[in-house]
Every structure is written in structure tokens, then in C-alpha cells.
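Take a look at the structure below.
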Amino acid sequence: GRGLVIKPEDIREKVREYSAPYSIVLLVDMSLSMIESVDNIVETIDSLHGEVYRRRDRVGLVVFKGKKAYTLQHPTRNLDLVVKKLRTVGASDFTPLAAGMFQSWKTLKQEKLRNKDAIPHLYIVSDGIVNVPLDIPLSPLTRRRYSSEAQADAFDVARLLAKEEIKVHVFNTKHSSLDEEEPPREEGNRLRLRPTQFLKELARVSKGEYVGLKLQRGRG
């Protein structure tokens, strides 16, 4: 004759697992020194198809060469389109990395407005030989610390990325252990970092990760 007794351990809550999609911008160095790396970059992007489809991620493409950065593809789920555009873009002299990072920052901010649940990621692919600064520096003070204005401006944009909590991944296509071990050069009262030193510091300033790669020449 007793009524139904419900204990705390009898209560169940239905939980729906949700994996937030990524908003990814691939920022690719298309300077002349990167020509040998392009095929490997394309292969790497091609390998992402399954993961991007499963998570419903969106991937965009920004390249930098000459004196400017170019948004070749706003974030999309169509990776084939991204690969196609990367294959057709030509290389050029000079390396405006800071401009590319700044363009990527603006693109990812727009993506965040589009979908507040999306997790922004920036993949920077470069050999670290930068030589074109921003037209207007974000912080003249940083330029006083480095003899390369192009390096200084990239560090300023890296701080913007960290402030926006954009997850940064820096891929050095020509990692050098020798550059890594040598102390930075001093020119007057300013520092000049070697390419590997620069990209490692860029990852640190942006609170991201650094991946050092060695050049793999295509077969055939």
C-alpha cells in the first residue's frame, strides 16, 4: 500500500552532445620562396575533407604576396572550391604577412557575428621571410623594438588575434634548427629575428601553437 518512492539516483536528465563547428581561415604565404611548398599545402587541405564534413566546419582562404593580402574564398563548407582557388593563384615577390593576418582577423570577426557558437581558427602557413609592413602601424612602439617593421607589425596583429581568442596555428614550411639555436641579432638597439625565431615568437605572442616542417619535394 506504499506510494511510489523516487530517490535522487532515479532521476535522469537527457543530455544532447553538441560539437561546435570551426570557422577556419587558411592564411597562405604565396611569395616566390614558397613555390616548392604549394603542392604539399594543397595535399594537406585535401586531407581535411572528412573532418570538415563531419563537424560542419567552414573554411576560408586568404593569401598574401607582393604588397597586399587577398581573400580568395570566404569561409565555406566546399573545400574543393578552396583547393581550386589555391591551385590557380600565382606567386609573387615580397611577403606582407602582417597584412594577411590583419585580413584574416577581420574575416574571422565577421564569421563570429554570423555564428556566435563557431570556434575561430587561423592556420598560418609561411617560411617566415617577411619584408612588407602595414601601411599604418598598429603600435609605433613595437617598431622601435625590432629592426624589421614587417616583423614588428605581425606581432601587433598577433596580439589582436589573442585578444579575440582566435586559436592560431603557425606552420613553418622551412623550420631551421640552426636558426632556432642562434641568439637574435642586434642591429643598434633593435632585434632582428631569423625566420624560425620569428615564427616561433609569433606563435607565442598570439597564444597559439608552432609546428616546424621540413620541405618535402614532390615526387615525379
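Bear in mind these aren't lab numbers, they're just calculated from the coordinates by the rules spelled out. Remember, predicted model here, so these are calculated numbers, not experimental data. Because the Cβ atoms are built from the backbone with ideal geometry, glycine has one as well, and the counts that use them run over all protein chains shown.
Taking the stretch 56-132, which trypsin sites (Lys or Arg not before Pro) meet the DSSP loop condition and have no more than 16 other C-beta atoms within 10 Å?
Numbers: sites: 56, 58, 65, 67, 68, 77, 84, 85, 87, 106, 109, 112, 114, 116; in loops: 56, 67, 77, 116.
For trypsin sites (Lys or Arg not before Pro) across the stretch 56-132 that sit outside H, G, I, E and B with at most 16 neighbouring Cβ atoms in 10 Å, the list reads 56, 67, 77, 116.
Between residue 87 and residue 55, the simple label model (points 7 Å from Cα in the Cβ direction) yields a spacing of 2.5 nm.
Sequence-distant contacts, meaning Cα pairs under 8 Å at least 6 residues apart, place the relative contact order of the chain at 20 percent.
The eigenvalues of the Cα gyration tensor, multiplied by 5 and square-rooted, give the stretch 54-178 an equivalent ellipsoid with semi-axes of 25, 18, 13 Å from largest to smallest.
Computed from backbone phi with θ = phi - 60° and the Karplus coefficients 6.51, -1.76 and 1.60, the 3J(HN,Hα) list for the stretch 100-114 is x, 5, 5, 5, 5, 4, 5, 5, 6, 5, 5, 5, 5, 5, 5 Hz; x is used for glycine and proline.
Quick check on the stretch 28-73: what are the equivalent-ellipsoid semi-axes from the Cα gyration tensor, as sqrt(5λ), descending, whole Å? Walk me through the numbers before you get to the answer.
On the way: eigenvalues 112, 42, 4 Å².
After diagonalising the Cα gyration tensor, the semi-axes are 24, 14, 4 Å.
State the extension gain, in nm to one decimal, for the chain segment bounded by residue 160 and residue 204, taking 0.36 nm per residue of separation less the distance between their alpha-carbons. Intermediate values should be presented prior to the final figure.
On the way: separation 44, 0.36 × 44 = 15.84 nm, distance 1.30 nm.
Gain on extension, residue 160 to residue 204, equals 14.5 nm.
The mean of 1/r over all distinct Cα pairs in the chain, once inverted, gives the Kirkwood hydrodynamic radius of 18.8 Å.
From helices alone, the chain scores -10500 deg cm²/dmol at 222 nm; the rule is -39500 (n - 2.57) for each run of n ≥ 4 DSSP H residues, then divide by the residue total. The relative contact order of the stretch 13-79, computed from alpha carbon pairs under 8 Å that lie at least 6 residues apart in sequence, is 39 percent. Placing unit charges on each Cβ (+1 for Lys and Arg, -1 for Asp and Glu) gives the stretch 41-141 a dipole about its Cα centre, and among 60, 74, 113 the Cα reaching farthest toward its positive end belongs to 113.
Magnitude of the charge dipole for the stretch 70-204, about its Cα centre and with charges confined to Cβ atoms of Lys, Arg (+1) and Asp, Glu (-1), is about 500 debye. Projecting the Cα atoms of 122, 49, 134 onto the dipole axis of the stretch 47-142, where Lys and Arg carry +1 and Asp and Glu carry -1 at the beta carbon, places 49 farthest toward the positive end.
Tally Lys and Arg at +1 and Asp and Glu at -1 over the other residues with C-beta under 11 Å from the C-beta of residue 92: what net charge comes out? Net local charge, residue 92 excluded: +1. In order along the stretch 77-83, the phi-based Karplus estimate (6.51 cos²θ - 1.76 cosθ + 1.60, θ = phi - 60°) of 3J(HN,Hα) comes to 8, 8, 5, 4, 5, 4, 4 Hz; Gly and Pro are listed as x.
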